[in-house]
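Reviewing the structure listed below.
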């Protein structure tokens with residue numbers, strides 16, 4: 001398909017259809033290039049983001065550290081702060 005449009009083509013209905021198709025294809029190609037594909041399934045959470053993912057990993061690390069030594073109150077406090085922050089981020093993202 002020729003992607004060039006002349007001014008004379010815009011005067012006819014067929015020319016306008018051709019111009020619209022060219023524009024549609026250009027937008028579709030730009031979207032395919034710029035927008036990443038996501039695998040959507042019934043369990044997907046559209047509000048989930050990288051920040052929540054990192055918070056979840058940090059929460060897991062602190063929970064494991066706390067379970068390893070339950071007498072260390074500083075680790076437990078850090079775990080509580082991370083837990084509260086994690087759930088606050090989820091709540092604000094929804």
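Calculated [222 nm] ellipticity per residue, helices only, for the chain: -23000 deg cm²/dmol; basis is -39500 (n - 2.57) per DSSP H run with n ≥ 4, divided by all residues, nearest 500.
Normalised by 2.2 N^0.38 Å, where N is the number of residues, the alpha-carbon radius of gyration of the range 50-93 equals 1.16. Applying 0.36 nm per residue to the separation of residue 73 and residue 34 and subtracting their alpha-carbon distance, the gain on full extension is 9.3 nm. May I ask for the angle, rounded to the nearest 10°, between helix 50-68 and the longest principal axis of the chain, with both axes built from Cα atoms and the value confined to 0 to 90°? So the helix axis and the longest Cα principal axis differ by about 20 degrees. For the chain, the longest principal axis of the Cα atoms and the long axis of helix 13-34 meet at an angle of about 20 degrees. Each Cα pair of the chain feeds into the Kirkwood radius, which the Stokes-Einstein equation turns, at 20 °C and 1.002 mPa s, into a diffusion coefficient of 118 µm²/s.
Using 0.36 nm per residue and subtracting the Cα-Cα separation, the extra length available between residue 65 and residue 14 on full extension is 11.4 nm. Each residue, residue 22 and residue 56, gets one label point 7 Å from its Cα in the Cβ direction; the gap between the two is 4.7 nm. Compared with the dominant principal axis of the Cα atoms in the chain, helix 73-93 is inclined by about 30°.
We did not get these values from a lab; they are worked out from the coordinates using the rules stated. Worth saying up front: this structure is predicted, and the values here are computed from it rather than measured. Cβ sites come from the backbone with ideal geometry, for glycine too, and all protein chains shown count toward neighbours.
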